[in-house]
Amino acid sequence: MERSSGQGKIVCAGCILAAALLCLGATRARAQLTAGAGIEFFRWTEDTQPKPVEEHGPLAAIELGWTQPGPQALRFAYLSKYYLGWVRYEGSHLFAQAVPATGASRHVGTFQEGQARFGFLPTADVYCAVGIDLWQRRLSTRGKEDFRIGYVRFGVGSAPAKREGWVFDAGLKSPVGAREDAHLTDIGFDQNPRLRPDGDLSGFGQLGYRLDRRWTLAGYLDGFHFKPSGKVRVTSDGIPRGAVFQPGGALEVVGLRLAYRF
């Protein structure tokens, strides 16, 4: 978030929802349940002036998934991920943008996603997915930003029933609604308007190898692209302080994951 003149409860709620769905799936015969863990390299950039903001570093991530069993062509699936890490911040001060600033920021969040998959080949599916990504970026003891990003994605990937060999997943993804709560009243403003950056189209992909019917090792890339939000005028102690907005930017993730299928 830039000035022109920031979930723990969310993650817990996502865990409960995912666990409930996975337990429901486990009661059905031949349910395809997966659990995975890995490390990912995170990069967040904002198109600010005079110098762009960049945050980068490692995040730890775990994933849980369920795919509807059965031979039918149309199947439903559910996927969730939870991530946490401390990354390096390189940018400027909010109230003195010409002054360089470095430090560390914490990122924690989750995404929850439902999928409809159509098996057009014995070993491959096309699918559409709708999801929500919820994450918090804490820049200091007072500064934090909460993001809520609805999205859709369309892709083609290996069928979950495939037992061994190479697996892949690729497609396009777009935010359909993004909201940012920058907690402006915590840093001295009188108002705390929600910022709404527009989404832009991005791609995603995964390539891995199914070692046997249980274990899969895969590398992947994912993220979001955003256009700037509209500007909102704010005051501090009743005095006009200009406008705030979320600059355009991008979130990019490259990761490696080891998954187990039950």
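The values are calculated or read from the model by the stated rules, or taken from the named source; none is laboratory data. Not measured: the values here are computed from a predicted model. Backbone-built Cβ (ideal geometry, glycine too); neighbour counts: all protein chains shown.
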Got a sec? Which of Val152, Val108 is surrounded by fewer than 18 Cβ atoms within 10 Å (Cβ to Cβ) and among the β-branched types (Val, Ile, Thr)? Val152
Among (1) under 26 Å from Phe226 (Cβ atoms); (2) within 20 Å of the chain's Cα centre (by Cα); (3) surrounded by fewer than 17 Cβ atoms within 10 Å (Cβ to Cβ), which single condition is Tyr127 missing? (3)
Any residue in the stretch 134-152 that is more than 17 Å from Phe42 (Cβ to Cβ) and at pLDDT 90 or above sitting within a Cβ distance under 7 Å of a residue that is part of a strand (DSSP E or B) and of a type in the set (Gly, Ala, Ser)? List the pairs, counting only those 6 or more apart or interchain. Gly150/Gly177; Tyr151/Gly131; Tyr151/Ser174; Val152/Ala129; Val152/Ser174
Counting only residues that are touching a Pro at 6+ places or on another chain (Cβ under 6 Å) and closer than 22 Å to His107 by Cβ, give me the strands (runs of 3 or more DSSP E) lying completely in the stretch 143-229 with at least 1 of them. 144-158, 165-181, 215-226
Count of residues meeting criterion [at pLDDT 90 or above and part of a strand (DSSP E or B)] in the stretch 47-88: 29
